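FYI, it's all coordinate maths here, none of it is from the lab. Because the structure is a prediction, the values reported are computed rather than measured. Cβ coordinates were reconstructed from backbone atoms using ideal geometry, including for glycine residues, and neighbour counts include every protein chain displayed.
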Amino acid sequence: MVITYHGETYFKLQAGDLIVLVDPANQRSFKGANLILNTLKPAPTVVGVDIMADGGTLWIDHQGEYEIKGIEVRSWSVGNDRGVEKTVYRFIMDNLAIVVLGRVERQLSENLQEHLHGADIILGPAVKTGGWVRQLKPAIIIPVLSGGKTSQSLGKLVIKKKDIIPGKTKIVCLSS
């Protein structure tokens, strides 16, 4: 799997011909995507067409259970902030369990944390990486909204299940 960061909370995850976009910034990026996950509803990117009409893209912006082309997705609403619903996701792709926290600003309920616990990779707000997110015991945390490049930032993360070290949490910063 290849994970690239495109700023804010926008990620592209690709495994072979499967493509998942998280909070894409514009409609130009939709082409070729099998799954688009939005952590905010309404999404900042407005969909002007029925993207399911192309026969291969599923747009999710609320809680539920979904499956498309072998990608299993579960999502939960984590509240409404000034008319914007926030959703977190857990999905399996390329045998990796990935959690998307988006713009979550507070600790999640214990019940929800149980569903998210033990993910291989968490994409979450940088300010949370030192706190409760570590309690979820992911193998890798990729911070979002981190404010730019650091000397340790990577252009992309290429990873397979065999690269995951259980019980060790590693922070990987990606540059946009």
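Listed by Cβ neighbour count within 10 Å, with the fewest neighbours leading, 132, 59 appear as 132, 59. Among 141, 92, the ranking by other beta carbons within 10 Å of each residue's beta carbon, starting with the fewest, stands as 92, 141.
Under 5 Å between amide hydrogens, built in the peptide plane, is the criterion, and for residue 144 it picks out 124, 126 among residues at least 5 positions away or on other chains. Distant-in-sequence amide contacts of residue 175, defined by a placed amide H-H separation under 5 Å and a gap of 5 or more residues or a different chain, comprise 154, 155.
Simple rule: put +1 on each Lys or Arg Cβ and -1 on each Asp or Glu Cβ in the stretch 2-171, find the dipole, and look at 14, 24, 154; the Cα lying farthest toward the positive end is 154.
A run of the chain free of exposed loop cleavage sites, with trypsin sites (Lys or Arg not before Pro) counted only in DSSP states other than H, G, I, E and B and at most 15 other beta carbons within 10 Å, reaches its longest extent at 107-148.
When only Cα pairs below 8 angstrom with a gap of at least 6 residues are kept, the chain shows a relative contact order of 18 percent. Shown here for the stretch 56-131: GluC sites (Glu not before Pro) in loop regions (DSSP other than H, G, I, E, B) with at most 14 other Cβ atoms within 10 Å, namely 105. Between residue 162 and residue 28, full extension at 0.36 nm per residue minus the direct alpha carbon distance yields a gain of 44.9 nm. Farthest towards the positive end of the charge dipole of the chain, among the residues 164, 57, 99, is the Cα of 164, using unit charges on the Cβ of Lys, Arg, Asp and Glu.
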